[in-house]
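**Q** Have a look at the structure that comes next, please.
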2 protein chains.
Amino acid sequence: MFSGVKPDKKSKVKGITQLGSRSSSSSSSHSSNSNTTRSNSSSGSGGSSSSSSSNKGGGRKSHSGSSSGSSSGSGSPPAGTPPHTQMASHESLNSESKSSSLNSKLGHESGGSPSPPKSACSSTSTTSTDHHHTNHQVSHVLTATSKMTVRDGSRTLRPDEPPLVPGEQLEGTAREVTYLCPYVGPKKGTLSVTNYRLIFRSPETDPPFELEVPLGVVSRIEKVGGANTSRGENSYGIEIFCKDIRNLRFAHKQNDSQYSMHLKRDMNISVFRRYRVRHNFAGYGASQTSEENHSRRMVTEKLLHYAFPASHKLPFFAFGYCEQYPENGWSVYEPIAELKRQGLPTESWRITRINEQYELCETYPAVWAVPAAASDNDLRNVAAFRSRGRIPVLSWIHPESQATITRCAQPLVGVSGKRSRDDEAYIQHIMDANAQSHKIFIMDARPSVNAVANKAKGGGYESEDAYQNAEVQFLDIHNIHVMRESLRKLQEVCYPHIDNSHWLSNLEATHWLDHIRCVLSGALRIADKVESHKTSVVVHCSDGWDRTAQLTALSMLMLDGYYRTIPGFAVLLEKEWLSFGHKFAQRVGHGDDRHQDADRSPVFLQFVDCVWQILKQFPHAFQFTEDMLITILDHLYSCLFGTFLYNSERERIEKEVKTKTISLWSLILSNKADFENPLYSSNTKHHVLFPRTSMRHLCLWDKYYCRWNPSMRQQEPVHIRYKELLHVKEQLEKHVDELRKELAARQTHDSPRVASAIV
Amino acid sequence: MFSGVKPDKKSKVKGITQLGSRSSSSSSSHSSNSNTTRSNSSSGSGGSSSSSSSNKGGGRKSHSGSSSGSSSGSGSPPAGTPPHTQMASHESLNSESKSSSLNSKLGHESGGSPSPPKSACSSTSTTSTDHHHTNHQVSHVLTATSKMTVRDGSRTLRPDEPPLVPGEQLEGTAREVTYLCPYVGPKKGTLSVTNYRLIFRSPETDPPFELEVPLGVVSRIEKVGGANTSRGENSYGIEIFCKDIRNLRFAHKQNDSQYSMHLKRDMNISVFRRYRVRHNFAGYGASQTSEENHSRRMVTEKLLHYAFPASHKLPFFAFGYCEQYPENGWSVYEPIAELKRQGLPTESWRITRINEQYELCETYPAVWAVPAAASDNDLRNVAAFRSRGRIPVLSWIHPESQATITRCAQPLVGVSGKRSRDDEAYIQHIMDANAQSHKIFIMDARPSVNAVANKAKGGGYESEDAYQNAEVQFLDIHNIHVMRESLRKLQEVCYPHIDNSHWLSNLEATHWLDHIRCVLSGALRIADKVESHKTSVVVHCSDGWDRTAQLTALSMLMLDGYYRTIPGFAVLLEKEWLSFGHKFAQRVGHGDDRHQDADRSPVFLQFVDCVWQILKQFPHAFQFTEDMLITILDHLYSCLFGTFLYNSERERIEKEVKTKTISLWSLILSNKADFENPLYSSNTKHHVLFPRTSMRHLCLWDKYYCRWNPSMRQQEPVHIRYKELLHVKEQLEKHVDELRKELAARQTHDSPRVASAIV
């Protein structure tokens, strides 16, 4: 069963197909298992098994590593049904979970179908005492296999051992575990834990059911049911809460003797009483000896260990991952090169290395572009008046009008209304650098009440009395706590089941799209000022690393088609998010077990969602597809790559991230073809995109938020799509020929810079 | 101003460009004005003025006649702003009505923008007494110009007289009328009424603002404000409620003497008191003599006359419309040819002309396909047991399995549970005609409670005891009254303004998408039974002409790609809707002034909406675009074509519709290129489409329901689109070449019959 070698699987796990040179006899240290792969390559996730034809589609989606087998790319009907029947029954479900409704008489749900149960069983009564038991007994159920993959080329894998990525090590395997899939029901199989992933395989279906979850995605692990108290099938196990919307439930087998005792209890209530006493004693004592208990305990311990390395003073898996990619993603962004691309230095803008040692501002990058009129001393004085020294520096300059977008943190105005002549002069320099306008906008991302409230903490916003020719506008975007709560609500209405009859109002109640609209509107306003009014804009929020990053990056994406290419988007993220100190580690909580940390917030996810909204409205203006966005989000959590680790450029330099880990852009640039948008028209590079931002033009990104639901799956294998594309292309060719003739017969006008949304 | 001749305008009004032979000197009776068109051809509707470059786009959209100048096709920035600024400000509005919000400090609406006023003024206090005044005085304000366009080729049009379609006559013109646009505010201009349209033109903008509404679209006309009581600007006029979602408000100028009296009133309350007495007297008497009063009265009378010809025993305008089209749409559907296309007659199915004189069933067509095993006598006996004689006859037969879709009305079971051996045998014949299955489904479109309730009225549904091998399923689709109320609510939340912050919950509360989902799910279930289970399905509701038509037509559209071509769709409508007696006249209320008639219901609109939902999910599977669907809906109301007039084939024969009116398909087939979908892939003809029907895969068709809102307008002229298409095509070619190579390297499988949704 495990003897077949299939390149697709290799590509899937490694996210790369080009490494044919890594052959089976493992000359490099961590790759001994990479050749020993299973014969069937697709893996199921979210509950549905995968198809037998895993080609381009399966291989492509799975580059993301953490979303391997995710619904969007695999296009797999359930095993055993012919493809066209599958689609019918799939669709005939009419909702998420009712496969038999089509055939059941009167079973048709109309407007008010009952909401399916949220989860197979509740996780409220978890016994956290188990957690503190040490592993005094290494059970055979959880096989301790540390280091087994290292320099052991001659060893053959056991049938239920999963293939690993280079650097990955199998840490333990628990058998007879049941995955409680909320969509297709329980699946019995083997749960393996590595230093990178959790892998569950069930041979119950053909092809086997598979689930892979990088441990970086885990937010919280809870035990469900006590070893001796839990009765009934699947009531004893663990629940894993993930950062990517889904939750996973596993049930561990219970002790036979306990089970028989349960049976006895049914017949003899006195036995039950004795049992409860014994349990209570055992539950709070230290004498749990049953084998099954250890299965869960070992799994939990290994999971906690590798899911939360930061809490255990362990390195992230990215530091052990040793895949080789033909492209080196670390070189995609060179700050000077990007500034030069924008035309810098100019008469009015200079490049400074004043922060090379991160002394002036530790959360800012080493290289800045600042007004030429401002001396280094001016910069130091301005830094003293801006929160955390985050002074206004250049994000983007218009190639024609020289109107700019600059970003910073709030001014330290305070309750007394302090002023800084240097800061005021500096803003004036920014304005003066743009000869086209005698005005400058200061866009404060916050609601105005929050901006005012910040004065009490020493912050605040620019007074228009102090800043001549400046107009302050508030963009009403709420803070990280509001966004976190909104996503929590969104998860509740998306996963695992959607209540069709209240979907729209439930969605509205999450306010997720409201927030998206607000961020998009703010960015649109900035882009509009710069493009249409030729006026420079200074953007800030409180610290200038959350909402500000969203706004500058989104407005730059609208204004500059370069950022809509694959390498350009990488540059945009490296520049506006990573180098300017969006606190990825804090916001995501990489490797940290404090799942309730108030610093966590889906700020970056929200940004990517906004990008998707624009992409959806301008499908021909982006070189990449939404698959790339999903892959980026998956690796935001996976900790497979060094890209999103730590909070600032400075920290990444300290940790030698560039030399000790691999960049996510290595994966993406090495597999560029997989993320390319066939509809991309490169002449849109010169267009400015002004997306529609009213509510009815926004959609929930269901391919991301609802992807664990099997009903999101494609209805046909991807190669069928390709065939269709060929035909579409022929049709298009004919049509375009006609249009070309028609065009020739008409007068053509100059193409405006602004493209139109397809809504 | 009116001297220019522009072919586009001609094409716009007539919906045809090919008629170059109709030259300026009007040899045919009604065309004398067709050459005398304005130099600027685009017309605004819903409030926004149109662009100066009205080419393909403007001409194309306007084929619909009744939606001329509608937003979707014209791509027109407001006059005076350069195109790219326009898009910016257009979009920057962030909502429907706040053009200054971007520039206003703190004016940014976030989550909770206040809902704009629904309409400029309320229509509750209309004085219906005016209605009864006869036109004892033909005022010069409303110029009586009847017949002026007939055989008067030498006459030149006055500058404010609109160009007319052949057969159209100018009936009157009122000057100094103000159109109260809910989006761009009041526009002063000239209101003309013809025997076909209402035309409003305002020269205030350049190009002039234009609004054209075929009178067939008018549902209700109300006067707003009394002639003497109304004070303040624009408080006196008429409000026109349309069947296509929008309402129009016009204000008529008030008498100067009255106005001065108002002024006096302000200064001298005693004058006001005197005035009120005088008014009350005048209001209920017959002595209204002021000129302005006549303006409104004449307009109202002309409108009532020509908007409601059926109520005035006048012919529909379709009988006067005398455009010439190269294609004759009446020949698109030949019942026998369509049955032959489906492979009939077969061993098991015969074609009968038993209803040639519409004697067996007056609402059914002349030609039926019935089971060969049933004799003519059997048919008569079955007709006696089915509501209104609507017996099960063939709608569609599967080309391979021979599974069929048949349609009928409910059986006359009644409270006593009557049975008919003939009906039972007949259903058995239908089952037996399909050798693939030993079962038959009877899909009752109604909720089961309604089906049961119908027994009290002599109807009911098939008992499974009586019908061997039959399984009855209820599809839970509500009746015409529920749908009418749902659309009314939808209009409230769509027009004129959308409340962004409650859009989703407001939309949900209309239940419009719930009903769409229900209809789509029902059709999907039928298609699934026929395609995947090879089982025949009998479909009925109560009378079998509303929900049944929706279900059979939609399932046929899913199953048979022919119906997804332009002529095929025409055949589908002619067959399943027109020939089988959907009561278009009653449901739409053609030419009838009883706007509260309970027989009206948007059943056909709902069907077209369902078609759009499928088209949206399968953009490459339809030969036509949504523009064609919108055009069809516009002419559902316009009464320009004979197609949708009357309730049954029999009535249409009686009224000689085919010889005395033009078919809508003449317009569409003669301008096929305008409705063709560039993404159409003809190999999808062989695919079965199974759309997703869960709520999150359904959208509001905003290009139809929200089209009067200027924010729905395209952001760029269509010819720019075409340019882009050229570039996309090049990109696609390259990509397809790569894919082709890749495909060659892989094993290809047989393409399944079922296509995949793009969601």
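**Q** Within 10 Å of each Cβ in peptide B:734-744, how many partner chain Cβ atoms are there on average? Round it to a whole number, please. Working shown, then result.
**A** Numbers: counts 1, 9, 10, 2, 4, 10, 5, 0, 5, 7, 0.
So the per-residue partner count for this stretch is 5.
**Q** Additional query: I need the P(r) histogram for the stretch B:476-623: all alpha carbon pairs, bin width 10 Å from 0 out to the longest distance, whole percents.
**A** Pairs per bin, as whole percents: 11, 37, 36, 15, 2.
**Q** Would you please give the residues with an amide H less than 5 Å from that of A:Ser192, counting only those at least 5 places away or on a separate chain, with H modeled from the backbone geometry?
**A** A:Ala174, A:Ile199, A:Phe200, A:Arg201
**Q** On to the next question. Per residue of the stretch B:566-577, what does 6.51 cos²θ - 1.76 cosθ + 1.60 with θ = phi - 60° give for ³J(HN,Hα)? Whole Hz please, x for Gly and Pro, Karplus curve as stated.
**A** 5, x, x, 5, 4, 4, 4, 5, 4, 7, 6, 9
**Q** Would you mind giving the three semi-axes, in whole Å and largest first, of the ellipsoid equivalent to the stretch B:549-623 according to its Cα gyration tensor?
**A** Semi-axes from the Cα gyration tensor: 26, 13, 10 Å.
**Q** For B:Ala435, which inter-copy label distances result when the label point lies 7 Å beyond Cα on the Cα-to-Cβ vector, reported in nm to one decimal and in ascending order?
**A** 8.7
**Q** Using the Karplus curve 6.51 cos²θ - 1.76 cosθ + 1.60 with θ = phi - 60°, work out ³J(HN,Hα) for each residue of the stretch B:646-651 in order, rounded to whole Hz, and write x for Gly and Pro.
**A** 6, 9, 7, 4, 4, 4
**Q** Rounded to whole Hz and in sequence order, give me ³J(HN,Hα) for the stretch B:523-530 from the Karplus expression 6.51 cos²θ - 1.76 cosθ + 1.60, θ = phi - 60°, writing x for Gly and Pro.
**A** With the stated coefficients, the stretch B:523-530 comes to 5, 4, 5, 5, 4, 5, 4, 6 Hz.
**Q** Same structure again: Given the alpha-carbon gyration tensor of the stretch A:333-468, what are the semi-axes of its equivalent ellipsoid in whole angstrom, ordered largest first, with each equal to the square root of 5 times an eigenvalue? The partial results should precede the final answer.
**A** Numbers: eigenvalues 122, 61, 35 Å².
Over the Cα atoms of the stretch A:333-468, the semi-axes work out to 25, 18, 13 Å.
**Q** At B:Pro203, label 7 Å along Cα→Cβ: distances to the other copies, nm, ascending?
**A** Shortest to longest, the spacings are 8.9 nm.
**Q** May I ask for log10 I(q)/I(0) of the stretch B:600-680 at q = 0.17, 0.18 Å⁻¹, from a Debye sum over the Cα atoms as equal point scatterers with solvent left out?
**A** The computed values of log10 I(q)/I(0) come out as -0.77, -0.84.
**Q** Moving to a separate point now. Using the structure shown, select from B:Lys188/B:Lys223; B:Lys418/B:Lys455; A:Lys616/B:Lys672 the pairs with a Cα to Cα distance greater than 20 angstrom.
**A** Details: B:Lys188/B:Lys223 18 Å; B:Lys418/B:Lys455 10 Å; A:Lys616/B:Lys672 29 Å.
Where the Cα-Cα span goes over 20 Å, the pairs concerned are A:Lys616/B:Lys672.
**Q** Given H placed on each backbone N at 1.01 Å, which residues far from B:Phe618 in sequence or on other chains put an amide H within less than 5 Å of it?
**A** Amide H to amide H, under 5 Å and 5 or more residues apart or across chains, B:Phe618 pairs with B:Ile758.
**Q** Something else: Could you work out Rg/(2.2 N^0.38 Å) for the stretch B:420-480, with Rg from alpha carbons only?
**A** Numbers: Rg = 12.6 Å, N = 61, 2.2 N^0.38 = 10.5 Å.
Dividing the Cα radius of gyration by 2.2 N^0.38 Å gives 1.21.
**Q** Other chains' Cβ within 10 Å of B:506-513 residues: what's the mean? Don't skip to the answer; put the middle values down first.
**A** Working: counts 4, 5, 8, 2, 1, 2, 0, 4.
Average per residue, whole number: 3.
**Q** Show the residues, 5+ positions off or on another chain, whose built amide H is closer than 5 Å to the amide H of B:Val472.
**A** Sorted by chain and number, the residues that satisfy this are B:Ile442.
Coordinate-derived values only; no laboratory data. Note that this is a predicted model, so its numbers are computed, not measured. All Cβ positions, glycine included, derive from the backbone under ideal geometry; neighbour counts span all protein chains shown.
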